[in-house]
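The values are calculated or read from the model by the stated rules, or taken from the named source; none is laboratory data. Bear in mind the structure is a predicted one, so any value in this text is a computation, not a measurement. Backbone-built Cβ (ideal geometry, glycine too); neighbour counts: all protein chains shown.
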Amino acid sequence: MIRALIFLLFLAPPPDTTEVLKESVVTAFRQPEKIIPAQTLQGERLEKLNALSVADAIRYFSGVQIKDYGGIGGLKTINVRSMGTQHVGVFYDGIQLGNAQNGQIDLGKYSLENMESVTLYNGQKSTAVQSAKDYASASAVYLQTRTPVFEAGRRTNLKATLAGGSFGTVNPSVLWEQKAGDRVASSFNAEFLYTTGRYKFSYTKKNGYDTTAVRQNGDVRALRVEEGLFGRIPDGSWRLKFYFYDSERGYPGAFVREEPGKFRHEDRQWDTDFFTQGSLYKEWGDWHLNASFKYAYDFLHYLSDPRLDVTTMYVDNRYRQQEAYFSIAQEYRINSWWDVDLAADYQFNTLDADLVNFVYPSRHTLLAALSTSMRWEKVKLQGSLLYTFVDDKAREAGAAAESRDEWTPTAVVQFIPLRDKNLTFRAFYKRIFRMPTLNDLYYTFIGNKYLKPEFTTQYDVGMTWDKAFVKGPVRKVGFTLDAYYNEVENKIIATPASNQFQWTMVNLGLVGIRGIDAALSAAFVLGPVNADLRLTYTYQKAQDFTDPDSPWYGGQIPYIPWHSGSAVAGFDWKRWHLNYSFIYTGERYESVANIPENHAQPWYTSDLSLARSFIIGSHELRSTLEVNNLFNQQYEVVQCYPMPGTNFRLILSFVL
C-alpha cells in the first residue's frame, strides 16, 4: 500500500503533456529598506526546508544557537551571538511576543504552516516608523504570517494540508482566504498536531557497551487557530489578528547516563494562549504614523508527580499572565535625505500563581525612542536613543524591586564605495538594558528582588557584496561577512534544575564574546534545472571573565561551539523539487568548567526532501516526502537530552 502511494505521488507520469496555463499575478514579499542587513528565509525557500516549527528554520541562520530539549515535545529557545535567550525579541506580525514570567519564548509552539517569512536582525531593525520595542533588544526575530494575495478574478483561496510521519505524527491544517470587496480581505488558518514523541536513540554506558532506549513522555497534542483581517485605506493600511493556541504535552526530561532506563519522566504541561492585536499605518504627506495594540492572556499548568517520577519534587502549579500593550510611532521627513522618528510604547503585565507566599507582581513598562536617519549617495547614518522605565508592584509592602530607568544609544553607519552599489560596508554600536524577569525577581524558591539587570554592549563591522548576471549558469551571487564583539555585564544563565520548569539562576558577571558570521548564497541555471545554494559559517569565542581567581576564568561558556555552520541546496526541474539541508555544530563544553568530562563532541544532521506538484483542472496537488537526520546521527543539543535519529514525514497539500 505504501509503495503504491509513493508511486502514485512521485513516479506516475502526468496524464497529459499539454497544460493550460491560467492567468496569474506574480507577487513578492516586500523587503523594507535596511541599513543593518537581515538574514531572511521566505516564500518557497522557507517552504522547502525540512522544518516543522520556527525553531527548525532559524537553525539555518549564522550566529544562532537553538537549545532543543529533546524532540517535538521539548522546549526550544534561541540564543543569538551568545548573549542569551532574553536578549532576543520575537515579533509576530510586527508586535513582540511577551513572557514577563521567565523571558523564554518557546519557538517550538509556532508553526511554519502559515508563515510568509522568518527574519533575524542583529542589533535592531533599521526601518522607518517602528515601535520603541523594535529598539529594545540586542537582536530580534520577525515572524511574518501570510497576507492574502488573489489572482485576477478570484475571491477565494483554499488550501488543505495533511502531514504524517514518524513518532505517530498526524498534522492536518486548513487555510481559507476570502476577498470582501476591493479593500478588505480575511484569512483563517487552523492546525492540529499530535505525536507520540517516542523515538529510539543510542547511548553508551560507563562500563563501555552501547545499547538502545526509547524516548518517553514526549507526546504533544496542540491546536492553533488564527483569524486575520486586512484592509486598505487612502494612503495607508490596517490589520487585525486573533490567535488561539491550546496544547498538552509531556516533557521528555533529562536522560541519566549513569543509570540508563531507571527513571521515568512524567512531567506534564498544559498551555492555553490567546492574543488579539492590531495595527494602523497612515501617511499624511511627509508625516507617517503607525499605531498598534495588543492584549494577551496565557494560562500554564505544570504537573510533576514524584509518585510517577522519583527523581523530581512534587509540583502542581498554575500560572496566569496578562499583557496590555499600546504603541504609537511616527516619522517626519524633513527632506529627501533626512527624517526623524519618535515612538512611545506602554506595556502592563500581571502574573498570578497558586504558589505559597507568592507576591503577585505586576509591571509597568514605558519605552520611548528618538531616532534619525540621514542618507546620501554613498553614506547612510542612523542613530537612536531609547529610554526605558520599569516599575514593579506587589501585593505585600516592600516585596517589589526598585523602579529602574535607563538611556541606551545605538549608532549605525553604512558606506557604499562604488557607484554600482554591489559592495557595501557597515558598522554599528548598540548598548541595551534588560530587566530581570518576574521569575528572576519573585519566584518562591529562587527569586531575588535585588538581582541586577543585564547590560549588553555590541560592536559590529561587516560587508555585503552581491551581483546579478543575465547570462551564464550563475545568475546571482551574494556574500556577507561580519566581525563582532559583545560584552554582557551581570549576565544571568538559566539552566534546568530537577525538571524543565524550575530553573537555577547563575550570574556569570561578565562575558566577552568575539565572533565572525559569514553567509554565501548563489542561484544557478543548469539547462532545464534551476538551483540555489546557501552556506553559513559562525566562529565564536564566548568567555567567562567573572572571577579572575577562578580556575575556569576565560573559559568558553556552556553550549557555545567554536565553529558551526549550515548548508541548504535546492533544485527545481519541471514540477519536481529536491532540497538538501545540512547543519553542523562543533565541539563545545556543557558546563562552565572546561574539563574533559564536560567536553561535547561535534554533531551534524542531513535532511532531504523530494516534492512534486500536479495540476488537476484548475487546482494544484503538491506532495512532499521528507527524510530527516538522513544518516541517523546520534546527538544531543543539550546534555542528556538525546535527539531523534532518522525519521520521515509525508505531506499532501491541495490548493483549490
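Number of residues in the stretch 93-118 that are over 14 Å from S53 (Cα atoms) and part of a strand (DSSP E or B) equals 2. Counting only strands (runs of 3 or more DSSP E) wholly contained in the stretch 156-256, the ones carrying 3 or more residues that are buried (at least 20 other Cβ atoms within 10 Å of the Cβ) occupy 169-180, 184-195, 220-233, 236-250. Within the stretch 615-656, being aromatic (F, W, Y), surrounded by 16 or more Cβ atoms within 10 Å (Cβ to Cβ), touching a Ser or Thr at 6+ places or on another chain (Cβ under 9 Å) and farther than 18 Å from N171 by Cβ holds for one residue alone: Y635.
The sole residue among R649, R622 that is within 30 Å of V474 (Cβ to Cβ), part of a strand (DSSP E or B) and of a type in the set (K, R) is R622. Residues in the stretch 534-581 that are in a strand (DSSP E or B), in contact (Cβ under 8 Å) with a residue 60 or more places away in the chain and over 23 Å from A51 (Cα atoms): Q540, A542. Among the residues of the stretch 406-446, the ones that are modelled with pLDDT of 90 or more, among the charged types (D, E, K, R) and surrounded by 20 or more Cβ atoms within 10 Å (Cβ to Cβ) come to 2 in all. Residues that are part of a strand (DSSP E or B) and of a type outside the set (A, V, I, L, M, F, W, C) within the stretch 472-489 comprise R475, K476, G478, T480, D482, Y484, Y485, N486, E487, E489, listed in sequence order. Determine if the stretch 285-304 includes at least one residue that is hydrophobic (A, V, I, L, M, F, W, C), out of contact with any strand residue (DSSP E or B) (no Cβ under 8 Å at 6 or more places or on another chain) and either modelled with pLDDT of 95 or more or part of a strand (DSSP E or B) (or both). The answer is no, given that none of the residues of the stretch 285-304 is hydrophobic (A, V, I, L, M, F, W, C), out of contact with any strand residue (DSSP E or B) (no Cβ under 8 Å at 6 or more places or on another chain) and either modelled with pLDDT of 95 or more or part of a strand (DSSP E or B) (or both). Within the stretch 385-405, if we keep just the residues that are modelled with pLDDT under 85 and either among the aliphatic types (A, V, I, L, M) or under 31 Å from the mean Cα position of the chain (by Cα) (or both), the residue that is farthest from Q347 (Cα to Cα) turns out to be A397. The residue list V149, V141 contains one member that is more than 23 Å from the chain's Cα centre (by Cα), among the aliphatic types (A, V, I, L, M) and closer than 28 Å to V90 by Cα, which is V149.
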